[in-house]
1. Taking the stated definitions as given, is A:Leu60 more than 9 Å from DNA strand D (Cβ to nearest atom), within 20 Å of B:Leu29 (Cβ to Cβ) and among the hydrophobic types (A, V, I, L, M, F, W, C)?
2. Can you give me the ranges of the helices (runs of 4 or more DSSP H) entirely in region B:15-118 with at least 2 residues that are away from DNA strand C (no atom under 13 Å from the Cβ), at pLDDT below 90 and surrounded by fewer than 14 Cβ atoms within 10 Å (Cβ to Cβ)?
3. Does at least one position in region A:47-63 carry a residue that is more than 11 Å from chain B (Cβ to nearest Cβ) and either under 30 Å from B:Val66 (Cα atoms) or among the charged types (D, E, K, R) (or both)?
4. I'd like the full set of residues that are more than 7 Å from chain B (Cβ to nearest Cβ) and farther than 23 Å from B:Glu9 by Cβ, limited to region A:9-35.
Protein chains: 2
Amino acid sequence: MLMSSEKLELELKAKLFRGFSDTSRLSILEALRVQPLNVGEIVQATGLSQSNISNHLGCLRDCGLVMSEQQGRYTYYRLADDRIDSLLRLVEEVLSDVAKGVYQCTRYEVPEGANNDE
Amino acid sequence: MLMSSEKLELELKAKLFRGFSDTSRLSILEALRVQPLNVGEIVQATGLSQSNISNHLGCLRDCGLVMSEQQGRYTYYRLADDRIDSLLRLVEEVLSDVAKGVYQCTRYEVPEGANNDE
DNA sequence: TTATCATATCAGCACTTGATGATATAATGA
DNA sequence: TCATTATATCATCAAGTGCTGATATGATAA
């Protein structure tokens, strides 16, 4: 059915975007833009807790945004596709123009004094 | 403080991505890729309810993803930036390679028999 | 001026999502 | 073999999110 393949494509797009739509997952992806990292290194880079990171990595890996590779005791994670970096860069461009609008958006709370590692 | 401007940038990115991370809002944005539309036309194109669309348009407008323009009785909506179209196209490219992975992702439910206009 | 149409807003509800801390599992090192 | 380290998984909780249907508001048409 034609309609349901369009619907499925929308579901897949929404799911992919959802991968990016959380600050913790974005922190992880930003860290991985630089170089592949293991969980401990991601803890250092982001300040998030180990179990939180592990949960999010599971989600990102299942979504195809990251890939993992066991090296002895350590599991290394990397971006699964170079275009993920391109996507983040394009969003940065768009944001440079619409940032004021996004910042004004009250639909989703952006904490004023938001901090890291509370 | 340096740290908090990074944090703010992540919050803005997450918020922008959240604009895309819902199938209803994606339907609306897909419809607007073709041409500017008013609410009634978007109802026709997407099968969503008028109040639901109005809610989402408010969110998208506040986020800077769409712009509105009053023409008599009708309010016309359009994509606020051509790069939004580019963003959606890039995601389509990425999905063409990782779709299998995203489809397998069980973290977010993708309904099997998902349909539109129930 | 009133009626009609287009759109925005609201309250309430159900579902989804993200974090925590404890703990299980697996790989190395002693 | 046991201890240690690295990572995954789990149950629980609180907060966030999206939809509905009723209704309010504003612009035109009669």
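1. Numbers: more than 9 Å from DNA strand D (Cβ to nearest atom): yes; within 20 Å of B:Leu29 (Cβ to Cβ): no; among the hydrophobic types (A, V, I, L, M, F, W, C): yes.
Taking the combined requirement at face value, the residue does not satisfy it.
2. Working: elements: B:23-34, B:39-46, B:50-62, B:82-104.
Qualifying helices (runs of 4 or more DSSP H): B:82-104.
3. no
4. Let us first name the residues in region A:9-35 that are more than 7 Å from chain B (Cβ to nearest Cβ), namely A:9, A:19, A:24-25, A:28-35.
A:Glu9, the sole residue that qualifies.
The values are calculated or read from the model by the stated rules, or taken from the named source; none is laboratory data. Every value quoted in this text rests on a predicted model; they were computed, and no experiment measured them. Counting neighbours? That spans all protein chains shown, and the Cβs are built from the backbone with ideal geometry, glycine included.
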